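A.B. asks: This is the structure I have questions about; it appears just below.
Read the figures in this text as sums done on the coordinates, not as results from a lab. Being a predicted model, the structure only gives us computed values, none of them experimental. Note that we place each Cβ from the backbone using ideal geometry, even for glycine, and neighbour counts take in every protein chain shown.
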């Protein structure tokens, strides 16, 4: 199937490993230019180099703490200047910047778990509307067992992102701009593994394939959706973890 994204430009948040890395690679394989953002610049550049190996596409890596709003805005301006326009936005709502802190305020969780992603979407969406083509997909991964802060973050991101995207998706669907959320079941290992996953788990390649389709031209009729992949599982927690 021709995904219709040859020559389009994509911005991938959290693209240095796992699903983000796989999505960057599959988008490039379909002919899209790819800007890879990650907290570690060397890792982002490595993935960009891998994406460009096939030739014919432009790829670049950028350092970004997506949770620091000033640096994120500056970085977005830089990427747009380098690529001319961004047609595709893929990001993973991940809790990395909370570090080892067990307690964080709900305001912080709202800012980090939702408002940063909302701001990134709103920065790029007007250009997509003008060009009558755009794809936005945020992924909320199933969290690993951890602290109350991790569970609370997942709850905030998992509820706020789909609700907001659904509320605005219908407004821009007529301009061929789609906004969706992807919620996969636990994902097995890394993009290069070929061993069959345990029951109830997905492979990185499977998730990346679905994500790439949702970011493609044939997916124009899919908008405002929360797509759940695999078997739903309860939010994991540590037995000794105490609620705050």
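A.B. asks: Would you order 45, 135 from fewest to most other beta-carbon atoms within 10 Å of each residue's own beta-carbon?
C.D. replies: Ascending number of Cβ neighbours within 10 Å: 45, 135.
A.B. asks: Taking the number of other C-beta atoms within 10 Å as the exposure measure, put 187, 47 in order starting with the fewest.
C.D. replies: Neighbour counts put them in this order, fewest first: 187, 47.
A.B. asks: Here's another thing I want to ask about it. Rank the residues 87, 82 as a footprinting-exposure proxy: fewest other Cβ atoms within 10 Å of their Cβ go first.
C.D. replies: 82, 87
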